[in-house]
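The values are calculated or read from the model by the stated rules, or taken from the named source; none is laboratory data. Just so it is clear, the structure is predicted and the values come from calculations on it, not from any experiment. Here Cβ is always computed from backbone atoms with ideal geometry, including for glycine, and neighbour counts include all displayed protein chains. Note: accessible area is taken over every heavy atom of the protein model, side chains too, but ligands, DNA and RNA are not part of it. Shrake-Rupley method; radii C 1.70, N 1.55, O 1.52, S 1.80 Å.
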Amino acid sequence: MGFFRIRTTVDERPGRLASLASALAGRGGNILGLSVQPDTDGTVDEFVADIPASPDTVREALEAAGGRRVTVVPATAHELTDEPTRALLLASRLRAEPWRLPELLAELLRADDARWIYGEAVSDLPDPTRLVVPVAARRAVRLRRADLPFTLTEAARAASFARLAQPPAERIGGEKAVKLADGAEVVIRPLTPVYREAVRDLHDRCSPESRRFRYFTPLPSLPPRAFERLCDRRRGLSLVAGNDGQVVALASLVFTADPGIAEVALLVEDRWQGRGLGSILARTLVREARDLGYAEVRTSMLADNVRMRRLLVSLGATLTYTDDPGVVEGRLPVGAMTSV
């Protein structure tokens, strides 16, 4: 008998987790811990199991059950602690001793090594066994873990954990004035029911093409129920950008049923397009998603929506075609957004 930490990537299809669990049970395994994490090409399932089989045998069984990139490493009974409790205890230690951030990040992610790096451009590294956690513009913590590659969910956890050691960030609780590259100023505020008429007028002023890019149809107006859902903070976060008494853009972060994933959608009035407003709104929503603990934001767009595709690529997103050849999906890990 031995404790193992087992990680595998599977396609996002019903029944995949059950197949993996059955494969482990078929080898006499007792699952003692389980986590499910979204990743760029599927879902990462991680088990801590007591199983009387060799790592090679476990790997072969999970691959036969549909697992990809199966990794099996030794674990200890110490790793069977309740994960939320362990994270809260580490957070409490960090608040008391923020200078120990690298050491505590290493404990959180069970990394082999963690150290400060300075004066380097902070970006994601191609090596999945290394993770860079930005702390300031030119300061970060670099983590290494040889046995298990880091996942998007772990990157999001690390970013949220590091925020505890930083000064409070500006929140979108009220309004925020921003200046565009051409000198124009807009004010960004959370969407509330008071903007119902202003949002209706925004739709009236947008061209049918702009509305088609946003809703996949030239929707002449936003249905009342759809507007109410956008205002519901239990479903997501929506922002409006205003100038001279008019709402000129609407941006939404929508929570999804997929663990760790939120969706982003934008509608910018035609005369305000190409001026950097969409980029500002998208970056704001991605930062909010990070602070809310999401690992990834996604958006679906029409293939001919060139402006939105360019915006997402500029943020660091990857674009892939879907089963519908006219629809493209953009996926952006919240830690991978390029700096302003």
Summarise the accessible area of the range 162-294 (1.4 Å probe, protein heavy atoms) by the percent that is carbon and sulfur. 50 percent
For the range 1-84, shape from the Cα gyration tensor axes a ≥ b ≥ c, cut at a/c of 1.5 then a/b versus b/c, turns out oblate
Projected onto the charge dipole of the range 61-119 (+1 at Lys/Arg Cβ, -1 at Asp/Glu Cβ, origin at the Cα centre), which of Ala64, Leu101, Thr81 gives the Cα projection farthest towards the positive end? Leu101
Along Cα→Cβ, 7 Å out, is where each label goes; now give me the distance between the ones at Arg275 and Glu228 in nm to one decimal. 3.4 nm
Sites matching trypsin sites (Lys or Arg not before Pro) across the range 169-249 that sit in DSSP coil, with at most 12 neighbouring C-beta atoms within 10 Å: Arg171, Arg233, Arg234
Which value in deg cm²/dmol, rounded to the nearest 500, describes the helix-derived mean residue ellipticity at 222 nm for the chain, given -39,500 (n - 2.57) per DSSP H run of n ≥ 4 and division by the residue count? -9500 deg cm²/dmol
Taking θ = phi - 60°, what integer Hz values does the Karplus form 6.51 cos²θ - 1.76 cosθ + 1.60 yield along the range 155-160, in sequence order, with x for Gly and Pro? 4, 5, 4, 5, 5, 5
Could you pull out which residues in the range 204-230 have an amide N less than 14 Å from a spot 7 Å beyond the Cα of Val187, following the Cα-Cβ vector? none
Length gained, Arg68-Ala198, 0.36 nm per residue minus C-alpha separation, equals 41.9 nm
Charge dipole magnitude, Cβ of K and R +1, D and E -1 - the range 262-340, Cα centre, debye nearest 20: 380 debye
Could you compute the net charge surrounding Glu269? Neighbours are other residues with a C-beta less than 14 Å from the C-beta of Glu269; K and R count +1, D and E count -1. +2
Can you work out the Karplus-derived ³J(HN,Hα) for every residue in the range 290-303? Use 6.51 cos²θ - 1.76 cosθ + 1.60 with θ = phi - 60°, whole Hz, and x for glycine or proline. 4, 5, 7, x, 7, 8, 8, 10, 10, 8, 9, 9, 5, 4
Between [x] 21.2, 75; [y] 22.3, 70; [z] 20.5, 66, which matches Rg and Dmax of the Cα atoms in Å calculated for the structure shown? [y]
Per residue value of the accessible surface for the range 1-53 (all protein chains in place, 1.4 Å probe), Å²: 43 Å²
Karplus 3J(HN,Hα) series, Hz, for the range 181-190 with 6.51 cos²θ - 1.76 cosθ + 1.60 (x for Gly, Pro): 4, 8, x, 5, 10, 10, 10, 9, 9, x
About its Cα centre, how strong a charge dipole does the chain have in debye, to the nearest 20, once Lys and Arg get +1 and Asp and Glu get -1 at the Cβ? 740 debye
For a quick check: with amide H placed at 1.01 Å from N, whose amide H comes under 5 Å from Gln273's, ignoring anything fewer than 5 positions away on the same chain? none
Contact order normalised by residue count of the chain, Cα under 8 Å, 6+ apart, percent: 12 percent
Can you list the residues, at least 5 places off or on another chain, whose amide H is less than 5 Å from the amide H of Leu191, using H built in the peptide plane? Ser238, Leu239, Val240
